[in-house]
Structures are given as structure tokens and as C-alpha cells.
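Here is the structure we will look at, set down as C-alpha cells.
Readers should treat all values here as calculations from the given coordinates under stated rules, not as data from a laboratory. These numbers were taken from a predicted model, which means no experiment stands behind them. Here Cβ is always computed from backbone atoms with ideal geometry, including for glycine, and neighbour counts include all displayed protein chains.
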Amino acid sequence: MEGLLTAETLYLALGMLACGAVAGVLAGLLGVGGGIVIVPVLYTTLGFLNIDPDIQMHIAVGTSLATIIPTSISSSRAHHKRGAVDFSLIKIWAISIVIGAIIGIAVAGQVKSPTLTAVFAVIALIVALNMLTNPNGKAIWQSLPDKLVAQPIAAAVGGFSVLMGIGGGTLSVPILTLFNFPIHRAVGTAALFGLLISLPGTIGFIYNGWGHPSLPAASLGYVNLIGLALISPVTMLFAPLGAKIAHSISKKALRIAFGIFLLLTSIRMFSGKLF
């Protein structure tokens with residue numbers, strides 16, 4: 001019995017490490033903070049471990065947000081070295097992104113796991129279709145909206161990102177490119193958005209899940225420390241590689257890769273047959 005438990009633990013650890021490597025590359029490549037990979041993988045893993053279905057998605061989202069904190073730092077630093085982080089845009093969007101994240105935390109504390117899963121799947125599908133039907137990133141508007149119009153957009157990015165357990169790039173990159181913002185610069189800036197979202201998001205999910213009777217071992221609220229310990233260092237290690245790749249391929253290839261990955265993730269979420 002002990003051998004089986006040891007083997008299961010080893011397989012879980014290897015899976016988390018692999019998840020961290022893929023998430024790190026995607027964080028640097030797409031500015032997505034890795035959450036778009038981490039959430040479905042963790043959700044599936046928790047299902048195999050027979051964790052209470054009512055909190056599976058909450059733990060996946062909360063743990064994902066926690067791993068995004070160091071990943072976003074690593075990814076944004078790598079992009080900053082290449083001059084791809086727009087700090088003037090950060091100043092305009094930052095406060096509203098944080099406010100949106102706080103609203104998302106409040107909502108997440110009131111809904112059940114299937115609702116969070118549906119939010120993830122629907123938004124991922126919308127973004128995927130946009131990226132695949134507009135692979136050249138054709139802008140609808142020729143410039144970014146003024147500061148007043150930008151605030152609800154930034155708040156929506158923060159709020160829905162927290163509900164999905166992602167760093168913000170999944171939403172902000174396609175939105176920025178619709179406003180004729182260069183995609184490589186959008187990816188770099190989105191990496192820093194991830195830090196603004198993941199910090200309050202992590203604190204909120206710890207608070208929301210504190211003392212829940214069905215939490216798995218080594219959990220701090222809805223943040224599982226085992227997943228955090230295994231995934232986070234690897235995502236930091238691989239994020240610079242993703243950033244390097246992002247600056248070596250075409251805009252069209254970057255958008256198509258992003259769209260295909262999101263489409264597959266969404267389909268698996270809807271089908272309930274993740275990975």
C-alpha cells in the first residue's frame with residue numbers, strides 16, 4: 001500500500017513539474033501568467049484525488065493565482081529587458097485592474113465550482129475564436145481608448161481574470177491588439193498586469209477558503225501549498241525561455257498558437273474530460 005502511495009505521489013509531483021514547465025513557457029510566450037494551463041491541470045488532478053467537487057475549481061483557481069505571482073515577476077522582467085513593457089499604460093489601467101480583481105474575489109466567494117468552470121470555459125472560447133478568426137491581429141480601432149473609457153475595460157480584465165485564475169494576458173492581449181497595440185508589447189505589458197491581479201487574488205482565495213472542512217492537506221484556504229511549491233519554481237525557470245521565443249516568431253504565428261491552445265482548453269472544460 002505504501003508503495004502505491006509513493007508511486008502516486010511521484011506521478012503527481014512529476015505532473016506538477018511538467019505543468020510548471022509548460023506554464024512557464026506560455027507565461028513568457030503569451031503573457032498569460034500560466035494560469036490558462038495550471039487551472040485545468042489542477043482541476044483534473046483534484047478530481048482524481050476525490051477532493052470535494054464543490055471546491056475543486058476554487059482550489060485550482062486559488063493555487064493558480066498564487067503561482068502567477070513569481071511567474072509574472074520573472075516574465076515581466078524578461079520582457080522589460082527587451083523594452084516590451086508599457087509603463088504608461090500600466091499607470092492608466094492599474095487601479096481599475098486591482099478594483100476589478102477585488103470584485104472578482106467577492107463573486108468567487110459566493111459561487112460554486114461548476115460556475116467557475118463555466119466562466120473559464122466560456123471566456124477561453126470567446127478569446128480563442130477571436131484569435132483564430134483574426135490571426136493577423138487586425139485592429140478595429142486605431143488607438144487605445146481614453147482614460148475614462150479604459151477604466152471599465154481594465155476592471156473587467158481584473159475581475160474575470162481572478163474568476164478564471166489567470167494572470168490577465170488571456171484577456172488583455174487580444175483587447176489591446178484590437179486597439180492597434182503591438183502584440184509583443186501587449187504580451188510584455190500583460191505579464192505585469194498578472195502581478196496586479198494575482199496578489200489580491202491569492203489573498204482573497206486564502207480568505208474565502210479559510211477553515212473549509214473539505215480542504216486537502218497543506219492548504220492555506222483555497223491555495224494548496226504542495227501545488228504552489230512544485231509548480232512555482234519551474235514556471236519562473238521557464239518564463240524567460242517563453243519570452244525569448246515570443247520575440248523570435250511572427251505576430252500571426254503567435255496569435256494562432258494562442259488561439260488553438262485556448263480552443264482546446266475550452267472544449268475540454270465544456271466536455272468535462274480535461275487532459
Between the alpha carbon centres of segment 200-259 and segment 45-122 the gap in Å comes to 8
Dipole-positive endmost among ASN208, ALA150, ILE103 within segment 2-271 (Cβ charges, Cα centre): ALA150
Efficiency of FRET between ALA253 and LEU148 - r from beta-carbon atoms, R0 41 angstrom, step 0.05: 0.70
Got a sec? How would ILE231, ILE102 order by Cβ neighbour count within 10 Å, fewest to most? ILE102, ILE231
Going toward the positive end of the dipole of the chain, with +1 on Lys and Arg Cβ and -1 on Asp and Glu Cβ, which of PHE120, THR189, ILE140 do you reach last? ILE140
Hey, can you rank 200-210, 67-77 by average C-beta count inside 10 Å, highest first? 67-77, 200-210
Sorting VAL111, VAL61 on the 10 Å Cβ count, fewest up front, what's the list? VAL111, VAL61
So, by mean Cβ neighbours within 10 angstrom, what's the order for 140-150, 91-101, 46-56 with the highest one leading? 91-101, 46-56, 140-150
Please report, in cubic angstrom per residue, the volume enclosed by the convex hull of the alpha-carbon atoms of segment 2-271. 108
Cα centre as origin, Lys/Arg/Asp/Glu Cβ charges: the chain dipole, Debye: 1000
Between helix 225-246 and the chain: long-axis angle, C-alpha atoms, 0 to 90°, nearest 10: 30
Per residue of segment 145-160, what does 6.51 cos²θ - 1.76 cosθ + 1.60 with θ = phi - 60° give for ³J(HN,Hα)? Whole Hz please, x for Gly and Pro, Karplus curve as stated. x, 5, 4, 5, 5, 5, 5, x, 5, 5, 5, 5, 4, x, x, 5
Given H placed on each backbone N at 1.01 Å, which residues far from SER219 in sequence or on other chains put an amide H within less than 5 Å of it? LEU225
